[in-house]
Amino acid sequence: RPHLSMHALDGLTLEDVPLNAIADAVGTPTWVMGAGTLRARYRLLDGAMRGAGLAPSIHFAVKANDHLAVLRILAAEGAGADVVSGGELRRARAAGVPAGRIVFSGVGKTREEMALALAEGIGHIAVESAEELDILSDVAASSGWVAPITLRVNPDVDAGTHEKITTGLSTNKFGIAYARAAALYERSASLPGLKPLGFSVHIGSQIVAMAPYRAAFARVADLVRAVRARGLPVSLVDCGGGLGITYRDEVEGAPEALAGAIRAELGDLDVRLAIEPGRWLAGSAGLLLSRVILRKAGEDGLPSFLILDAAMNDLMRPSLYEAWHGILPVSARDATRPVEAVNVVGPVCESADSFADGRFLPRLDEGARVALLDTGAYGAVMSSTYNGRPLAAQVLVDGGRWSVIRERQPVESLWAADRIPDWVMPAPA
Ligand code: LLP
């Protein structure tokens, strides 16, 4: 992790900014995002595509990290956005992403969201069912708009990833069954208010092997040839996201390998290409800074509990997917203490509120700071305020400087929208 280093005096730094300085000023838990790392990742991905003779439009998956500054940094590099709700669409626009560079997917878009997307001038909408096709046609035609669309195909390919983040199997709710896609594409060309451009495919997330990608792209290529043989134009294939990163010892999905897979299967189709990466761009650029509240001794022979001030409401991935995140001490002195196996947990009242079981870490006591690594994607965005815990602060570091990019949520705002009806009893005296 080239953006992280340990210094004798300053302790752990992200892009040369000492994490201790951030924690001293802003407290913990705090998300820290590295702008330089984010840009470097974008350039690596873009460069790999260009190196393979491809120039896909790159739409950052806003669901991975929706912070305006993150979207702005990527937009300045040339990225568009992949959104899955009217809220994400408006966020991307607020960050300055041009509407034409935004694509909209999702199995349940409301009529209002469709109308918003069309009024903004969206790049394309990925339609995920026959039913949605009819509704979109109705929404577009009734306002005199023409909706640029792709059909999202479910290729029935196993991405070989965690079951909760696989999307390309026919048992998943996503996309149009492969066998029905050609006929539906033909139908979409005859419906008012629709301009079918091509197909989208997204088989899942945290994919590190190329075989599932190759299989999915090959099926899409067959589909393109089949509908062209029926005389229908196809000008766009959106290859989705899903490229995985190294959390523990997985070999990161290489952008060159993804580019190779796209080129091999789709390279000779003469279509415009798009991709929708989220995790690969943002994941390793962020970390979650936290503090040990206390170290609770384990029962005889059992590991102690290291209870952090961050919890499952902040970083949900370990609880939800048994995800593994690296944990590093922030102070150089802590890093040299004898190693022990500990259960790293949060203070939330759920047994699932656990970051790591039996993790080997140097002995850490009350007040020690730690960094939970690779939380730049699907970290802060998935937070809740469960157990009365305000959303954590967010900080951006860049070229040695840093700024708070989201204030820690004031605790009063947790109930600011609550209303007590008149007919509820007055507060006890
Ligand atoms: N495009 C579509 C249509 C998607 O559904 C997704 C992610 C992406 C692109 C971006 O995928 P990525 O490149 O980030 O893998 N919360 C889970 C991940 C859920 C991914 C959902 N869809 C996690 O923390 O692992």
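Would you confirm whether or not segment 102-110 contains a residue that is surrounded by fewer than 23 Cβ atoms within 10 Å (Cβ to Cβ), in the same structural domain as Ser200 (by TED's automatic domain parsing), among the basic types (Lys, Arg) and farther than 19 Å from Met382 by Cβ?
For segment 102-110, residues surrounded by fewer than 23 Cβ atoms within 10 Å (Cβ to Cβ), in the same structural domain as Ser200 (by TED's automatic domain parsing), among the basic types (Lys, Arg) and farther than 19 Å from Met382 by Cβ: absent.
Show me the strands (runs of 3 or more DSSP E) found entirely inside segment 215-299 where at least 1 residues are away from the ligand (no atom under 16 Å from the Cβ).
Numbers: elements: 236-238, 272-275, 286-296.
The strands (runs of 3 or more DSSP E) meeting that bar are 272-275, 286-296.
Residue check: is Tyr321 touching a helix residue (DSSP H, G or I) at 6+ places or on another chain (Cβ under 6 Å) and among the hydroxyl-bearing types (Ser, Thr, Tyr)?
yes
Does at least one position in segment 233-243 carry a residue that is polar (S, T, N, Q) and buried (at least 24 other Cβ atoms within 10 Å of the Cβ)?
No, the conditions are met nowhere in segment 233-243.
For residues in segment 341-358 being under 13 Å from Val292 (Cβ atoms) and not small (Gly, Ala, Ser), which is surrounded by the fewest Cβ atoms within 10 Å (Cβ to Cβ)? I'd like the intermediate steps shown before the answer.
Restricting attention to segment 341-358, the residues satisfying the condition of being under 13 Å from Val292 (Cβ atoms) are 342-347, 355.
Of the ones still in play, those that are also not small (Gly, Ala, Ser) are 342-345, 347, 355.
Details: Val342: 24, Asn343: 18, Val344: 26, Val345: 22, Pro347: 16, Phe355: 27.
Here the answer is Pro347.
Going residue by residue through segment 44-59, is there one that turns out to be surrounded by 18 or more Cβ atoms within 10 Å (Cβ to Cβ), in contact with a Gly (Cβ under 9 Å, 6 or more places away or on another chain) and within 24 Å of Ala393 (Cα to Cα)?
no
From Ala117, Ala81, Ala76, which residue is away from the ligand (no atom under 16 Å from the Cβ) and either under 21 Å from Arg187 (Cβ atoms) or at pLDDT 95 or above (or both)?
Values: Ala117 fails: away from the ligand (no atom under 16 Å from the Cβ); Ala81 fails: away from the ligand (no atom under 16 Å from the Cβ).
It is Ala76.
For Met425, work out the one condition from (1) farther than 20 Å from Met312 by Cα; (2) within 16 Å of the ligand (Cβ to nearest atom); (3) not acidic (Asp, Glu) it doesn't fulfil.
Going through the list (1) farther than 20 Å from Met312 by Cα; (2) within 16 Å of the ligand (Cβ to nearest atom); (3) not acidic (Asp, Glu), Met425 breaks only (2).
Is it fair to say Val70 is assigned to a loop (DSSP other than H, G, I, E, B) and touching a residue at least 60 places away in the same chain (Cβ under 8 Å)?
Details: assigned to a loop (DSSP other than H, G, I, E, B): no; touching a residue at least 60 places away in the same chain (Cβ under 8 Å): yes.
So Val70 does not fit the description; no.
Looking only at segment 169-196, filter to residues that are closer than 19 Å to Met114 by Cβ and within 16 Å of the ligand (Cβ to nearest atom); which one of those is modelled with the lowest pLDDT?
Here the answer is Lys173.
What pairs can you find where one residue is in segment 185-210 and within 30 Å of Ala257 (Cβ to Cβ) and in a loop (DSSP other than H, G, I, E, B), the other is more than 10 Å from the ligand (Cβ to nearest atom) and modelled with pLDDT of 95 or more, and their Cβ atoms are less than 6 Å apart, with a gap of 6+ or different chains?
So the pair list comes out as Val201/Val153; Val201/Ala216; Val201/Val220; Ile203/Pro212; Ile203/Ala216; Met210/Ala257; Met210/Ala261.
Take Phe104 and decide whether it is under 22 Å from Gly204 (Cα atoms), within 14 Å of the ligand (Cβ to nearest atom), without any contact (Cβ under 8 Å) to a residue 60 or more places away in the chain and of a type in the set (Phe, Trp, Tyr).
When the stated conditions are applied, Phe104 passes them.
Restricting to segment 311-321, count the residues that are out of contact with any Lys or Arg (no Cβ under 8 Å at 6 or more places or on another chain), touching a residue at least 60 places away in the same chain (Cβ under 8 Å) and of a type outside the set (Lys, Arg).
3
Checking Pro426 against (1) modelled with pLDDT of 95 or more; (2) more than 21 Å from Leu4 (Cβ to Cβ): exactly one of these is not met. Which one?
Unmet for Pro426, out of (1) modelled with pLDDT of 95 or more; (2) more than 21 Å from Leu4 (Cβ to Cβ): (1).
Residues of segment 169-184 being surrounded by 15 or more Cβ atoms within 10 Å (Cβ to Cβ) and either touching a residue at least 60 places away in the same chain (Cβ under 8 Å) or over 15 Å from Ala226 (Cα atoms) (or both), which ones?
Our first condition is that a residue be surrounded by 15 or more Cβ atoms within 10 Å (Cβ to Cβ); within segment 169-184, this holds for 169, 172, 174-176, 178, 180-182, 184.
Within segment 169-184, Leu169, Asn172, Phe174, Gly175, Ile176 qualify.
Within the group Thr161, Thr166, which residue is under 24 Å from the mean Cα position of the chain (by Cα), within 12 Å of the ligand (Cβ to nearest atom), at pLDDT below 95 and surrounded by 22 or more Cβ atoms within 10 Å (Cβ to Cβ)?
Details: Thr161 fails: surrounded by 22 or more Cβ atoms within 10 Å (Cβ to Cβ).
Every option except Thr166 fails the conditions.
Which one is nearest to the chain's Cα centre (by Cα) among residues in segment 300-339 that are away from the ligand (no atom under 16 Å from the Cβ) and of a type in the set (Asp, Glu)?
Asp309
Give me the pairs, please: first residue somewhere in segment 231-256 and assigned by TED's automatic domain parsing to the domain that holds Leu151, second residue anywhere and among the aromatic types (Phe, Trp, Tyr), beta-carbon distance under 7 Å, and either six or more positions apart or on two chains.
Hits for this filter: Leu232/Tyr185; Val237/Phe199; Cys239/Phe217; Leu243/Trp280; Ile245/Trp280; Tyr247/Trp324; Arg248/Trp324; Gly253/Trp280.
Does Asn387 satisfy the criteria of being in contact with a Cys (Cβ under 8 Å, 6 or more places away or on another chain) and assigned by TED's automatic domain parsing to the domain that holds Lys296?
Considered against the rule, which asks whether it is in contact with a Cys (Cβ under 8 Å, 6 or more places away or on another chain) and assigned by TED's automatic domain parsing to the domain that holds Lys296, Asn387 comes out as yes.
Residues in segment 340-349: is at least one modelled with pLDDT of 95 or more and either of a type in the set (Ser, Thr, Tyr) or under 23 Å from the mean Cα position of the chain (by Cα) (or both)?
yes
Being without any contact (Cβ under 8 Å) to a residue 60 or more places away in the chain and among the β-branched types (Val, Ile, Thr) is the filter here, so list the residues in segment 211-230 that pass it.
Selection gives Val224, Val227.
The values are calculated or read from the model by the stated rules, or taken from the named source; none is laboratory data. Model, not experiment: these values are computed from the prediction. Glycine also receives a Cβ, built like all others from the backbone with ideal geometry; neighbour counts cover every protein chain displayed.
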